[in-house]
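The structure appears right after this line, and notes come after that.
Every number in this text was worked out from the coordinates using simple rules, so none of it is lab data. Because the structure is a prediction, the values reported are computed rather than measured. Neighbour counts run over all protein chains shown; Cβ positions are idealised from the backbone, glycine included.
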Amino acid sequence: MPDDHNPFADPLRFERRVPECAMVIFGANGDLTKRKLLPALYRLAYDRRLPASFAIIGNSRTDLGDDEFRNNMRDAVQKFSEDTAFDPDLWSRFAKNIYYIAGDMNDPSMYQAIGKRIGEIERHNVLFYLSTQPSYYGAVAEQIGAAGLNEAGPGAWRRIVVEKPFGHDLESARALNQRLQAVFPENEIYRIDHYLGKETVQNILAFRFGNGIFEPLWNRRYINQVQITAAESIGVEGRGGYYQEAGALRDMIQNHLLQVLATVAMEPAAVFEPDAVRDERAKLLRSIKIMQPEQVPLYAVPGQYDGFREEKGVDPGSNTDTFAAATFFIENWRWAGVPFFVRTGKKLPKRSTEIAIQYNSAPLSLFASGDGDLPKRPNLLILRIQPEEGISLRFVSKQPGAGMHVRPVSMDFKYGASFGGRSPSAYETLLIDAMIGDATLYTRQDMVEASWRVVEPILHAWQSPNFRVPLYEPGTWGPPEAEKMLERQGRHWRNA
Ligand code: BG6
């Protein structure tokens, strides 16, 4: 067993022990289970953060025995645990507590079988994980309820984790919520948004509220604009069927990027407790100005990469957005008038997620620029979420030599260089949190509804029958309309 202690872990979370529990994964044969959940659980076992008794019960329709399922999961761990050595002894101990129950998610007897297995292995705390096709979420929760699996014995808990997407619009999100809340109380419903579990997204709070020097400048008096970019170089990678129904706005902005925006812009919570933090995020999301239909063409731009329509599972006439950009305004005292430009897309020039906070320029320019032109607004703070996690601050400096010529330079902090070691993946963090009952990094229903309200006018406009999504060349920063959206507001995207 390794003895490497993870230096990034929050000591409070680290200290809280996970009690005995079983995790029931619906959709256990799917991509998410293989790529994210099992590698995360294996890593947690590797770091000795799970009790030895931790059990997994996988379910899907595919007819498999326990051993076959264990082998599939071992293959997944070996393939997708890029930064964790495979330890055969650890795996054999871990795999002993992995079980599989085949069955149709609409079949009540399958839930009886799951209940029976939970009883046989004598676990009392159970985390149900919905990783199926989203259209099954409500039905699975109801079947869990009908089989009485939601009822915990004294001192034990039963929780449900719901993968994104949570609904496909406001109405369906509300309907799904009602079905879930008929079976589980709100405090046992964990809506996952894996961006909130990313170390660098959590660090935004530490950076803002753990330091005294940034927060006083974190407002409309000093900040000119904020740009949030989540660019991916890959395409839809075999997820054409799902993606053509979702599109970039639903897939990334409604959830991940609005949560990131809320983290950047929210007010400090009075205490670092789940509902205090979530109240602030929710308040911020509610204060984003909702676009009027006639504003959508000015403040939101979709795009589709050339070649998307030929992807497997995609309709040849598809009008789905694989790129989406929007300008959001926050109507509160801190942010009134500051544009938040948000964009995401597939097949962009590189994989990069960052938040660029552009400060106003000095009121008067006293110095000549050195080599090249001085940017109009030289002070830029960049929070890099991935792939090279870090923070950098740009400012001007005197160029050595005669005369008073200045040029922009950067002060850089890199996670890897400062802390060494690896950071836990978002799923590691979030799974542990669900098991210890800490919902700080999970979204709440009011947050989900607020973000659907923000994106709905845009969705409506883009879905109207005569609307055509502009195309863009793979490997570019989306359609030219995205740049024009900023030009109209006297700004440019930062395409570094
Ligand atoms: C998922 C989206 O939620 O997030 C994917 O469905 C996207 O389309 C992914 O690729 C991006 O996550 P990450 O962690 O790789 O930035």
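Annotations
- Cα centroid separation, segment 183-198 to segment 99-145: 18 Å.
- Low-density loop positions, trypsin sites (Lys or Arg not before Pro), segment 337-426 - DSSP coil, at most 15 other Cβ in 10 Å: K350, R351, K376
- Listed peptides 216-226, 458-468 by packing density, highest first (mean Cβ within 10 Å): 216-226, 458-468
- Segment 265-367 - Rg and Dmax from Cα coordinates, angstrom: 18.7, 59
- When the charge dipole of the chain is built from unit charges on Cβ atoms (+1 for Lys and Arg, -1 for Asp and Glu) and taken about the Cα centre, the candidate among T344, L41, A141 whose Cα reaches farthest toward its positive end is T344.
- Taking segment 306-419 and dividing mean pair separation by its residue count, relative contact order in percent (alpha carbons under 8 Å, at least six apart): 17
- Most simply put, the chain has about 55% antiparallel DSSP beta bridges, counting only bridges with both residues inside it.
- Loop-resident sites, segment 307-366, for GluC sites (Glu not before Pro), counting at most 15 other Cβ within 10 Å (DSSP): E331
- Charge dipole magnitude, Cβ of K and R +1, D and E -1 - segment 373-496, Cα centre, debye nearest 20: 700
- Vicinal HN-Hα couplings computed from phi for segment 304-315 (Karplus, 6.51 cos²θ - 1.76 cosθ + 1.60; Hz; Gly/Pro x): 9, 6, 5, x, 4, 5, 8, 5, 4, x, 9, 5
- The tail of the calculated P(r) for segment 188-343 beyond 18 Å holds 64 percent of all Cα-Cα pairs.
- Legend: distances between Cα atoms for K79/K116; K96/K198; K164/K346; K96/K414; K36/K289; pairs beyond 28 Å are K79/K116; K96/K198; K96/K414; K36/K289.
- Rounded FRET efficiency, nearest 0.05, which uses the C-beta distance separating E215 from Q292 and R0 of 41 Å: 0.80
- Per residue, the convex hull volume that the Cα atoms of the chain enclose (Å³): 159
- Near Y99, the amide H atoms lying under 5 Å from its own belong to I56, I57, G58; only residues 5 or more places off or on other chains count, and H is placed 1.01 Å from N.
- Value of D in µm² per second that Stokes-Einstein yields for segment 395-496, Kirkwood Rh from Cα pairs, at 10 °C (1.306 mPa s): 79
- For the Cα trace of segment 313-443, dividing Rg by the Kirkwood Rh returns an Rg/Rh value of 1.07.
- Here segment 298-348 is treated with +1 on each Lys and Arg Cβ and -1 on each Asp and Glu Cβ, and its dipole about the Cα centre works out to around 200 debye.
- Segment 310-367: C-alpha pair distances exceeding 13 Å, %: 77
- Positive dipole terminus of segment 429-476, leading residue within V448, L459, I432 (C-beta point charges): L459
- Here the Karplus curve 6.51 cos²θ - 1.76 cosθ + 1.60, taken at θ = phi - 60°, turns the phi angles of segment 206-216 into couplings of 5, 4, 6, 9, x, 10, x, 9, 8, 4, x Hz, with x standing for Gly and Pro.
- Once the chain from E481 to I121 is taken as fully extended at 0.36 nm per residue, the excess over their C-alpha distance is 123.8 nm.
- Mean separation of Cα pairs under 8 Å and 6 or more residues apart, divided by the residue count, gives the chain a relative contact order of 17 percent.
- Residue by residue, segment 419-424 carries 3J(HN,Hα) couplings of 10, x, x, 10, 9, x Hz when phi is fed to the Karplus relation 6.51 cos²θ - 1.76 cosθ + 1.60 (θ = phi - 60°); x denotes Gly or Pro.
- The residue among A85, Y190, V126 whose Cα reaches farthest toward the positive pole of the charge dipole of segment 75-192, with charges on the beta-carbon of Lys, Arg, Asp and Glu, is V126.
- Segment Q133..R494, full-extension length gain: 126.3 nm, with 0.36 nm per residue of separation and the alpha-carbon distance subtracted.
- Segments 133-145, 175-187 sorted - mean Cβ within 10 Å per residue, highest first: 133-145, 175-187
- Here is the list for segment 282-348: chymotrypsin sites (Phe, Trp or Tyr not before Pro) lying in DSSP coil, each with at most 10 other C-beta atoms within 10 angstrom of its C-beta, are W333.
- Rounded to 10°, Cα long-axis angle of helix 108-120 versus longest principal axis of the chain: 80
- Its relative contact order, with pairs defined as Cα atoms under 8 Å and 6+ residues apart, puts segment 6-125 at 33 percent.
- The charge dipole of the chain, taken about its Cα centre with unit charges on the Cβ of Lys, Arg, Asp and Glu (plus for the first two, minus for the last two), comes to roughly 1240 debye.
- FRET efficiency, R239 to D306 (Cβ-Cβ, R0 22 Å, nearest 0.05): 0.75
- Cut-off under 5 Å, modelled amide H: who pairs with K164 long-range: I192
- Ordering 488-494, 96-102 by mean Cβ neighbour count within 10 Å, with the highest value first, yields 96-102, 488-494.
- At R0 = 45 Å, FRET efficiency that the Cβ-Cβ distance of S392 and S92 yields, to 0.05: 0.50
- 5 Å-binned pair-distance histogram of segment 79-129 (Cα, whole percent): 4, 14, 19, 20, 15, 13, 11, 4
- Each part gets one Cα centre, and for segment 204-254 versus segment 295-359 those centres are 10 Å apart.
- Considering segment 53-95, its Cα convex hull presents a mean projected area of 3.4 nm².
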